[in-house]
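Student: Before I ask anything, let me first share the structure, which is written out below as structure tokens.
The values are calculated or read from the model by the stated rules, or taken from the named source; none is laboratory data. All values derive from a computational prediction rather than experimental measurement. Backbone-built Cβ (ideal geometry, glycine too); neighbour counts: all protein chains shown.
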Amino acid sequence: MAFFVSFSCIYAILAIGLDLQWGYGGMFNAGVAGFWAIGAYTAAILTTPPSPPNVFGYPGHLGGFGLLFPRIGAFQTSVLVGMGGAMVLAAVFGFLIAVPTLRLREDYLAIATLGLAEIISITLQNWQPVTAGMFDIFSIPRPFDFPGQFVLTEVTFSAFVVVILAVVYFLFERMSRSPWGRVLRAVREDEDAAMVLGKNSFALKMQSFVIGCALMGLAGALFAYFQRTIDPLSDFTALDTFFIWTVVFVGGSGNHKGAIAGAFVFYFLFWFGTHAKDWLGVPAAWSTVAIYVTYIGIGVVLILLVLFRPRGLFPEPRKVSRRPRIVLGGRGGS
Amino acid sequence: MADIQFLLIGLVYSGIILLGALGVSLIYGVKRFANFAHGDLMTLGAYMALFGVGLFGGNMLVGVLFSFVVLAFVGIVLEVLIFGRLENRGPIAPLIASVGVSLVLQNVVNLVFSTQIKNYPVPLVDNWYFGPFFLNPIRGLIPLVAGYGAALALLLLLRFTKLGKAMRAAADNLDLARTSGVNTRAVYFSTWALASVLAAAGGVMLGLNTDLTPTMGFTVLLVLFAAVILGGIGSVAGSAVGALVIGITYALFYPFAIQFNVSTQWFLAVPFGLMVLMLIFRPWGLLGKPVGRETRSVLTDLRETFHMVFGRRD
């Protein structure tokens, strides 16, 4: 249960990040997995103890920063540093890729981010001195570690992630109701009109893109803490990007609540799917078939949503920044 | 000396990339979206040829023709079922649909043909030697000739046939083409059929050059986009130039990678880097024409970025 909550919350943070880029800014980021991976690796490198020596062919990775920061009770302060670093680095990469592409037609950003994610994945698999190459990075700490008490450790971690999700949700709900969010949506609807009104659409899109990337980095850091190990081959693939896309699409673009609900529902289905075959005693040969069928199903859902429900199952609610003030004797506000 | 051998390998690679890039460029020009499923159309084409070879008694040519017919049909079905309904929805809606198509195609191939590496039943032929350099007639020469031959044929088709003129007209100004009596539906169908057949050819050549895996097309997708953007979207000659540039950098990169013990996987970063540089300085590509929003250059970007970072109230 704690496992389920933690993972869904991490997916929900990713979904909010993407929703900010796509739902509010109208920018198609095809490299979510790349920013996620940057976050996870940055956090892992900043929080792990020194890498184990070169044994059994394990090449070791950059590490040991974890010891620089004190441990207060059960709380590992290096975790906060890891989260900060993950957000900053993901944001920097987002900025660098956005500079040449945000000005152009929307699909250039998609192509460029797709490429960036591929290259990040290749880099992580091959930059051996820093990322241990094809090998996993092990012994990434949890924020609260109670040695020997498995349940307590898991539950406190879920609570930690839930709190972070709540903070993120609250902040972004405020941001999207602010004038900033309003102009961002105006840019999404009609960029030329917004520019005619003197809004710097490039800057706005850049800000929301970079903030979205930072959120993806944060989700990556939490993912690394959650798993305790990260694997460059099976985590962070292009398929993960499409999963998040489906989450945001099903949940409704431009609707943070929908994105969170989408993440929970989607991960529940996924989790149910993987466990159902154990409960029902499905033969092992079927499980690979089931995976392919799942992916085909996701593809079909994406196509059907684009065709028939382009605004998602839960469309964006109308938003008012603040109550319109009624001025007596004059024209009403708003 | 060895470098010229790598140049030959790079040229063969550029021929394969060119076959895929022509299809991407056609769809981008006429349908106005980036087709993320194009790599998987290549995969499907490659596997359909393998299937056809088995079906029709081991004749490779018949298998390839079978693949062309199937892929042309698939392309038209995609237009009827999905992309024809997404007209006037901007560039992103069809792009997302194409991501869905990509997932479906790739996993159908996984499901039907399994993830095992496969090869075409072609005879092993000795390399042809030109002094110290060599080229395999089946694995090297055929993809090279097919790639540049297809580009030439497409160039002639676009320039001199009625269909080609209709396609160029639709790509240039859809409404004007329609009011001038061009049957745009027919143009869309032939564009999809043509692009899919080119994808099938690219997939077969890729399979002939290396081997068949369900992810073979998806992994070259980025290189296809890079070739198209380098040369200029919508320009056939541009795609050829883009593919050639990528082939030459391939030839330059491999000796370097071997000498400095760098993983050859990193090669993907080279076309990507070239593409980003092109987007910064010349978004319309080497041989393309600047239109619409793609006319602004890096100076506008940098000025806006400067204002963004250091502030200018607006």
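Student: Would you pick out the residues in the stretch A:88-131 that are of a type in the set (A, V, I, L, M, F, W, C), more than 23 Å from A:MET27 (Cβ to Cβ) and surrounded by fewer than 24 Cβ atoms within 10 Å (Cβ to Cβ)?
Tutor: Result: A:ILE122, A:TRP127, A:VAL130.
Student: So which residues in the stretch A:234-249 are surrounded by fewer than 23 Cβ atoms within 10 Å (Cβ to Cβ) and away from chain B (no Cβ under 12 Å), if there are any at all?
Tutor: Of everything in the stretch A:234-249, those that are surrounded by fewer than 23 Cβ atoms within 10 Å (Cβ to Cβ) and away from chain B (no Cβ under 12 Å) turn out to be A:SER234, A:ASP235, A:ASP240.
One line per residue, one yes/no per condition, for (1) modelled with pLDDT of 95 or more; (2) of a type in the set (S, T, N, Q); (3) crowded, with 20+ Cβ neighbours inside 10 Å; (4) in contact with a helix residue (DSSP H, G or I) (Cβ under 9 Å, 6 or more places away or on another chain):
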{"residue": "B:ARG32", "(1), (2), (3), (4)": "no, no, no, yes"}
{"residue": "B:GLY54", "(1), (2), (3), (4)": "no, no, no, yes"}
{"residue": "B:GLY58", "(1), (2), (3), (4)": "no, no, no, no"}
{"residue": "B:LEU103", "(1), (2), (3), (4)": "no, no, yes, yes"}
{"residue": "B:GLN106", "(1), (2), (3), (4)": "no, yes, yes, yes"}
{"residue": "B:VAL109", "(1), (2), (3), (4)": "no, no, yes, yes"}
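Student: Which members of the stretch B:238-262 meet the condition of being of a type in the set (A, V, I, L, M), under 17 Å from the mean Cα position of the chain (by Cα) and either modelled with pLDDT under 85 or crowded, with 24+ Cβ neighbours inside 10 Å (or both)?
Tutor: Scanning the stretch B:238-262 gives B:ALA240, B:ALA243, B:ILE246.
Student: Turning to a different aspect of this structure: Would you list the helices (runs of 4 or more DSSP H) that sit entirely within the stretch A:83-188 and hold 3 or more residues that are within 30 Å of B:PRO290 (Cα to Cα) and within 14 Å of another protein chain (Cβ to nearest Cβ)?
Tutor: By residue number, A:106-126.
Student: Scanning the stretch A:196-238 for residues that are free of Cβ contacts under 8 Å to residues at least 60 places away in the same chain and in a helix (DSSP H, G or I), which turns out nearest to A:LEU307 (Cα to Cα)?
Tutor: A:SER201
Student: Does A:PHE146 satisfy being surrounded by fewer than 16 Cβ atoms within 10 Å (Cβ to Cβ) and among the aromatic types (Phe, Trp, Tyr)?
Tutor: Yes.
Student: I would also like to ask the following. Quick check on my filter: what residues within the stretch A:34-48 are over 12 Å from A:GLY217 (Cβ atoms) and either part of a loop (DSSP other than H, G, I, E, B) or within 14 Å of another protein chain (Cβ to nearest Cβ) (or both)?
Tutor: Matches in the stretch A:34-48: A:THR48 only.
Student: While we're here: More than 13 Å from the chain's Cα centre (by Cα), modelled with pLDDT under 80, surrounded by fewer than 20 Cβ atoms within 10 Å (Cβ to Cβ) and of a type in the set (Val, Ile, Thr): is that true of A:THR274 in this structure?
Tutor: yes
Student: Within the bounds of the stretch A:145-153, is there any residue that is without any contact (Cβ under 8 Å) to a residue 60 or more places away in the chain, of a type in the set (S, T, N, Q) and farther than 25 Å from A:MET27 by Cα?
Tutor: yes
Student: Restricting to the stretch B:69-97, count the residues that are within 21 Å of A:ILE291 (Cα to Cα) and more than 9 Å from every other protein chain (Cβ to nearest Cβ).
Tutor: So the count comes out to 0.
Student: Continuing with the same structure: Tell me, please, whether a residue that is within 14 Å of another protein chain (Cβ to nearest Cβ) and modelled with pLDDT under 90 can be found in the stretch B:115-136.
Tutor: Yes, the stretch B:115-136 contains a residue that is within 14 Å of another protein chain (Cβ to nearest Cβ) and modelled with pLDDT under 90.
Student: Do we find a residue being more than 16 Å from the chain's Cα centre (by Cα), of a type in the set (Lys, Arg) and part of a helix (DSSP H, G or I) anywhere in the stretch A:250-262?
Tutor: Checking the stretch A:250-262: not a single residue is more than 16 Å from the chain's Cα centre (by Cα), of a type in the set (Lys, Arg) and part of a helix (DSSP H, G or I).
Student: If you don't mind, another one. For the condition at pLDDT 80 or above and under 13 Å from the mean Cα position of the chain (by Cα), what is the one hit in B:LEU222, B:LEU279?
Tutor: On inspection, the qualifying residue turns out to be B:LEU222.
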